Amino acid sequence: MGITENKTEFQARLLDQGKSPLAKYADIAVGRKGLGALIGYDLACWLASPMPGALGYFIRGKVLPRLLSRAGKGLVIGRNVCIRHPGRIHIGKGVVIDDNVVLDAKGDSDEGITIGDAVILGRNTIVSCKGGSIEIGDNTNISANCMLISETRLSIGSNVLIAGMSYIIAGGNHSIERTDIPIIAQPMIQKGGVTVEDNCWLGANVTVLDGVTIGRDSVVGAGSLVNMDIPEFAIAVGAPARVVRNRNGQD
């Protein structure tokens with residue numbers, strides 16, 4: 001069996017022999033058909049994305065929102081922000097996106113990435129759909145170097161704090177039952193996505209796996225691995241994370 005027969009969906013798009021390199025680029029980055037859409041996307045990214053200083057912030061605030069499905073007032077976009085499939089990205093008012101953030105909304109549905117009002121995305125953070133959806137509620141702060149990945153549904157509530165280097169993935173599990181073919185060629189196993197409810201605090205370097213719900217007003221300690229549900233108002237730590245205390249005084 002050749003390596004080209006063991007492709008993920010993303011690899012299949014990149015390796016499609018029926019498409020030119022330009023068409024592949026447009027499919028992966030722009031998400032819209034037509035030369036006009038491609039030229040408009042490239043010009044906006046080329047002119048605005050790397051520009052330094054206050055002028056760069058001003059130009060990005062005028063140019064890049066025009067690519068998006070929706071962009072509220074007061075959007076601040078740092079340098080070298082990578083935007084893919086902008087037609088599936090919806091951003092509220094007063095959002096701050098720091099340098100080197102990736103917003104990648106690949107997929108065919110209309111949901112894509114939805115970011116509420118007054119959200120802060122820290123430097124180098126990646127928010128990426130692979131056919132799924134990601135929703136981030138109002139007044140949520142996601143620190144630097146985080147990764148939010150969704151092949152199904154990833155929902156982050158309002159007033160949530162996610163510290164740096166945290167990793168949350170909805171989907172992404174391959175079956176390992178067969179041994180006659182590579183794992184990469186085996187079907188994906190979906191466990192229902194990830195939900196982080198309102199008012200939660202996830203410490204630095206927390207990993208949240210598919211199929212997990214973290215209940216409202218909960219705290220997850222730094223370095224924890226969350227592979228099962230966390231109840232409301234709980235404090236959980238460890239790998240795997242276990243509840244050590246309840247914030248409302250209940251056992």
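Just so you know, all these numbers are worked out from the coordinates, no wet-lab data involved. In this text the structure is predicted, and so the values were computed from the model without any measurement. Virtual Cβ from ideal backbone geometry, glycine too; neighbours counted across all protein chains shown.
Per residue of the stretch 210-224, in order, report the coupling 6.51 cos²θ - 1.76 cosθ + 1.60 (Karplus, θ = phi - 60°) as ³J(HN,Hα) in whole Hz, putting x for Gly and Pro.
4, x, 9, 10, 9, x, 4, 6, 9, 10, 10, x, 4, x, 7
What is the local net charge at Arg216, summed over the other residues whose Cβ is closer than 10 Å to its Cβ (Lys, Arg +1; Asp, Glu -1)? Can you show the working numbers first?
Details: positive: none; negative: Glu197, Asp198, Asp217, Glu232.
That sum, taken over residues with Cβ under 10 Å, equals -4.
Counting only DSSP beta bridges with both residues in the stretch 68-246, what percent are antiparallel, rounded to the nearest 5?
Around 10 percent antiparallel, to the nearest 5.
Note down the magnitude of the dipole of the stretch 185-251 about its Cα centre, charges +1 on Lys and Arg C-beta and -1 on Asp and Glu C-beta and zero elsewhere, to the nearest 20 debye.
Numbers: 5 positive and 7 negative charges, 37 e Å.
Value, rounded to 20: 180 debye.
So what are the stretch 31-170's ellipsoid semi-axes, whole angstrom, largest first, if each one is the square root of 5 times an eigenvalue of the alpha-carbon gyration tensor?
Working: eigenvalues 94, 66, 33 Å².
They are 22, 18, 13 Å, listed from largest to smallest.
Tabulate in residue order the Karplus-calculated ³J(HN,Hα) for the stretch 172-183, using 6.51 cos²θ - 1.76 cosθ + 1.60 with θ = phi - 60°, rounded to whole Hz; enter x for Gly and Pro.
x, 9, 8, 5, 10, 5, 8, 10, 8, 9, x, 4
Please report Phe233, Phe58 as a ranked list, fewest other C-beta atoms within 10 angstrom at the top and most at the bottom. Show your work: numbers first, answer last.
Details: Phe233 18, Phe58 12.
Listed from fewest to most nearby Cβ atoms, that is Phe58, Phe233.
Given the options Leu64, Leu35, Leu209, state which has the largest fluctuation in a GNM of the chain using a 10 Å cut-off (strictly under) for Cα springs.
Between Leu64, Leu35, Leu209, it is Leu35 that shows the largest mean-square fluctuation.
Running a GNM on the chain with Cα contacts under 10 Å, which residue among Ile168, Ile181, Ile83 ends up with the highest mean-square fluctuation?
It is Ile181.
What are the extents of the Cα atoms of the stretch 146-211 along their three principal axes, in Å, largest first?
Projected onto the principal axes, the Cα atoms of the stretch 146-211 cover 46, 20, 13 Å.
What is the extension gain from Cys82 to Met188, computed as 0.36 nm multiplied by their sequence separation minus the C-alpha to C-alpha distance, in nm to one decimal? Intermediate results must be reported in sequence, preceding the final value.
On the way: separation 106, 0.36 × 106 = 38.16 nm, distance 2.70 nm.
Contour length minus the Cα-Cα distance gives 35.5 nm.
For a quick check: sort Ile214, Ile59, Ile136 by the number of other beta carbons within 10 angstrom, fewest at the front. Working shown, then result.
On the way: Ile214 29, Ile59 16, Ile136 25.
By the 10 Å Cβ count, ascending: Ile59, Ile136, Ile214.
Of all beta bridges DSSP finds with both residues in the stretch 187-251, what is the antiparallel percent, to the nearest 5? Before the final figure, lay out each step's value.
Working: 4 of 13 bridges.
Here the antiparallel bridges make up roughly 30 percent for the stretch 187-251.
Place a +1 charge on the Cβ of each Lys and Arg in the stretch 54-147 and a -1 charge on the Cβ of each Asp and Glu, then give the dipole magnitude about the Cα centre in debye, rounded to the nearest 20.
Numbers: 12 positive and 9 negative charges, 80 e Å.
Charge dipole of the stretch 54-147: 380 debye, to the nearest 20.
Dipole magnitude of the chain about its Cα centre, charges +1 at Lys/Arg Cβ and -1 at Asp/Glu Cβ only, in debye to the nearest 20? Walk me through the numbers on the way to the answer.
On the way: 25 positive and 24 negative charges, 167 e Å.
So the magnitude is around 800 debye.
Specify which residue in the list Gly131, Ala239, Ile142 is farthest towards the positive end of the charge dipole of the stretch 68-246, using unit charges on the beta carbon of Lys, Arg (+1) and Asp, Glu (-1), about the Cα centre.
Going by the charge dipole, the pick is Ile142.
Once semi-axes √(5λ) of the Cα gyration tensor in Å is worked out from the coordinates, which option in (i) 25, 22, 19; (ii) 36, 23, 17; (iii) 31, 27, 13 does it equal?
It is the one labelled (iii).
For the chain, how many pairs of lysine residues have a Cα-Cα distance under 16 Å, where the two are 8 or more positions apart or belong to different chains?
Close lysine pairs found across the chain: 12.
So what's the gap between the Cα centers of the stretch 64-82 and the stretch 86-148, to the nearest angstrom?
Between the Cα centre of the stretch 64-82 and that of the stretch 86-148, the gap is 11 Å.
Can you tell which of Val101, Val194, Val63 shows the greatest fluctuation in a Gaussian network model of the chain with Cα springs below 10 Å?
Val63
Note down the relative contact order for the chain as a percent, whole number, built from C-alpha pairs under 8 angstrom at least six residues apart. Spell out each step's value before the answer.
Numbers: 686 pairs, mean separation 23.7, N = 251.
This gives 9 percent for the chain.
What is the extension gain from Asn173 to Asn141, computed as 0.36 nm multiplied by their sequence separation minus the C-alpha to C-alpha distance, in nm to one decimal?
Details: separation 32, 0.36 × 32 = 11.52 nm, distance 2.70 nm.
Between Asn173 and Asn141, full extension yields 8.8 nm more.
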